[in-house]
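Readers should treat all values here as calculations from the given coordinates under stated rules, not as data from a laboratory. A quick note: this is a predicted structure, and the numbers were derived from the prediction, not measured. For neighbour counting, all protein chains shown are included, and Cβ atoms are generated from backbone atoms with ideal geometry for every residue, glycine included.
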Amino acid sequence: MASINILNKFSLFSETWTPKIISELNGQYVKLAKVKDEFVWHSHENEDELFMVFKGTLYMDFRDRTETIHEGEMIVVPKGVEHNPRTNGEEVWVLLFEPKETAHTGNVDHERTVHNLKWI
């Protein structure tokens, strides 16, 4: 058991849309990701997802609206809700809480899908 410096962990990678695992608790992974531009429309049938923005502004598109999440804010996407995270061209840093079994792009297999997440 040791403290984790989240900003230091963000400095260890540069890839976008490739979450890195930094911890786990109660069957959930804590992940960090750098995101830029648009991702892919998807949903997670059985898992909620929490996105907390550390740097920048994240836009979470839903089929009927867009939510804007600023630094220091978070959003929980309920299971089964189709969504598409994106940015306005800036690199955004996010922390994610997800059950360990959560597939990266949920019900969609896409060229950006990461099947084997790495620990940092």
Problem - Sole residue being of a type outside the set (Lys, Arg) and in contact (Cβ under 8 Å) with a residue 24 or more places away in the chain, chosen from GLU45, GLU67 - result: GLU45
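Of these, VAL40, VAL53, which one is buried (at least 17 other Cβ atoms within 10 Å of the Cβ), of a type outside the set (S, T, N, Q) and part of a strand (DSSP E or B)?
Sole residue among the options that is buried (at least 17 other Cβ atoms within 10 Å of the Cβ), of a type outside the set (S, T, N, Q) and part of a strand (DSSP E or B): VAL53.
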Exercise for the section: With the condition kept exactly as written, say whether any residue in segment 59-75 is surrounded by 14 or more Cβ atoms within 10 Å (Cβ to Cβ), at negative phi and not in a strand (DSSP E or B). Expected result: no
Exercise for the section: Output the number of residues of segment 7-27 satisfying the condition of being of a type outside the set (Ser, Thr, Tyr), outside any strand (DSSP E or B) and surrounded by fewer than 15 Cβ atoms within 10 Å (Cβ to Cβ). Expected result: 6
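Every residue, every condition in (1) of a type outside the set (Lys, Arg); (2) in contact with a Phe, Trp or Tyr (Cβ under 9 Å, 6 or more places away or on another chain); (3) closer than 22 Å to PRO99 by Cα, yes or no:
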position	(1), (2), (3)
ASN8	yes, no, no
PRO19	yes, yes, yes
LYS31	no, yes, yes
TRP41	yes, no, yes
GLY56	yes, yes, no
THR66	yes, yes, no
GLU71	yes, yes, no
MET74	yes, yes, yes
Handout entry: VAL30 vs. criteria in a loop (DSSP other than H, G, I, E, B), in contact (Cβ under 8 Å) with a residue 40 or more places away in the chain and surrounded by 16 or more Cβ atoms within 10 Å (Cβ to Cβ)
Key = no
Exercise for the section: Please work out if MET1 is free of Cβ contacts under 8 Å to residues at least 60 places away in the same chain and in a strand (DSSP E or B). Expected result: no
